[in-house]
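> This structure is in structure tokens; I'll ask about it shortly.
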Amino acid sequence: MRLCAWYLYGEKHRGYALNPVANFHLQNGSVMWRINWMGDTSPRGIAASCGMMVNYRYFLEDTASNSAAYLGTKQIKASEQVLSLVSQFQQNSKL
């Protein structure tokens, strides 16, 4: 879960999220909301993401400012759950 959070939140390509699905949702103003363990247990989900799934949440009143922040300053809006997992990864990682 921590590694997944880091991959989605911390791994970048030219400053933007490396994952294309994350990049799509963040460009459109979403918040990286929740990472679900075994959220996709289909054979494809297991092969592609070890069964993990992420939810992106759109707060309509914030989508324009979230999108502008991501596109302008490459700032990712994320929930406390995601940020906590990222922090745990950073504390335990040697990267």
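The values are calculated or read from the model by the stated rules, or taken from the named source; none is laboratory data. What you are looking at is a predicted structure, and each value in this text was computed from that prediction instead of being measured. Cβ atoms come from the backbone with ideal geometry, glycine included; neighbour counts cover every protein chain shown. For accessibility, only protein heavy atoms count, side chains too; no ligands or nucleic acids. Shrake-Rupley method; radii C 1.70, N 1.55, O 1.52, S 1.80 Å.
> Looking at the range 55-75 only, could you name the residues that are within 19 Å of residue 12 (Cβ to Cβ), open to solvent by 70 Å² or more (accessible area, probe 1.4 Å) and part of a helix (DSSP H, G or I)?
71, 73
> If I filter the range 7-41 down to residues being among the aromatic types (Phe, Trp, Tyr) and in contact with a strand residue (DSSP E or B) (Cβ under 7 Å, 6 or more places away or on another chain), which single residue comes out as surrounded by the fewest Cβ atoms within 10 Å (Cβ to Cβ)?
33
> Run residue 94 past the list (1) modelled with pLDDT under 95; (2) under 21 Å from residue 14 (Cβ atoms) and report the number of the one that doesn't hold.
Result: residue 94 fails condition (2) only.
> Return a yes/no flag: does the range 42-54 have any residue that is within 14 Å of the chain's Cα centre (by Cα) and open to solvent by 60 Å² or more (accessible area, probe 1.4 Å).
Checked the range 42-54: at least one residue is within 14 Å of the chain's Cα centre (by Cα) and open to solvent by 60 Å² or more (accessible area, probe 1.4 Å).
> Okay, next question. Show me the helices (runs of 4 or more DSSP H) entirely contained within the range 1-53 in which 3 or more residues are of a type in the set (Gly, Ala, Ser).
Filter on the range 1-53 gives 43-49.
> Of all residues in the range 76-95, which are part of a loop (DSSP other than H, G, I, E, B), touching a strand residue (DSSP E or B) at 6+ places or on another chain (Cβ under 7 Å) and open to solvent by 20 Å² or more (accessible area, probe 1.4 Å)?
Listed by number, the list holds a single entry, 77.
> Could you grab me the full set of residues in the range 58-78 that are without any contact (Cβ under 8 Å) to a residue 60 or more places away in the chain and touching a helix residue (DSSP H, G or I) at 6+ places or on another chain (Cβ under 9 Å)?
Residues satisfying the conditions are 58, 59, 66, 67, 70, 71, 75, 77.
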